[in-house]
Amino acid sequence: MTSQEQRVLEFQETSEESEYLAFLQKTAQQAQRLQEIQQQEYEIISHDDPTTYPPEIQRIREDILEASAQLLYISESEEPYEFVFIPNDQITSLPTNSVDFANLIKQCNIHIMTEDEKTIGENRVMTFQEFFEPFTGANAQDPYGQKGGYKELQKIVAAVFGGKDNVKIYKIGEQRRVGVYIAGLY
């Protein structure tokens, strides 16, 4: 091998190493950014102080969180349920679509939506029955052993909001991460 061929080979190896190192660095930066975003989302959600809620709302929150404590909405993210209180006496009916519901959340300055949810890719509103049937119905699949928990949550949500007709479920977001909001007026 000539010295020129040797230098070309060394250059190629160095170039490949540089590309690989750049790839690793980019991957590490993306992982760090994802971790920062997740931490920001957690901090935003944790700023909601339930001790400022009216006592009746605090009780409702405790009942719903207790009923849903062991439940996960099985999807790509498999996250636990959270409680959100939107204090607004002027709301007399629930929005008819997910876009209006998302706008309501934004107007109330409640920072619970992730960046994926803010894009409002999926615009689906479900009735009480449509949402709970796959979890609690006679033909419900229950690979995670959550059927009893969902039946309890179903019962509490219906009781809190005065019946099934007063509850809507909004799915908001892109395919990668869809937020599910069980909403009712109190």
Seminar exercise, completed: Residue separation between TYR81 and LEU65 times 0.36 nm, minus their alpha-carbon distance, gives in nm 5.0 nm
For this session: Rounded to the nearest 0.05, what FRET efficiency do ALA28 and ASP165 give with R0 = 41 Å and r taken as the Cβ-Cβ distance? Could you check?
Result: 0.20
Exercise. Which links in LYS147/LYS168; LYS151/LYS171; LYS106/LYS164; LYS147/LYS171 stretch past 23 Å when you go from one Cα to the other?
Worked result: LYS106/LYS164
Exercise. Arranged from highest to lowest average of other beta-carbon atoms within 10 Å per residue, in what order do the peptides 141-149, 178-186 appear?
Worked result: 178-186, 141-149
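The numbers here are math on the coordinates, done by the rules we state, and not lab data. Bear in mind that the values here come from a model prediction, so they are computed numbers and not experimental data. Backbone-built Cβ (ideal geometry, glycine too); neighbour counts: all protein chains shown.
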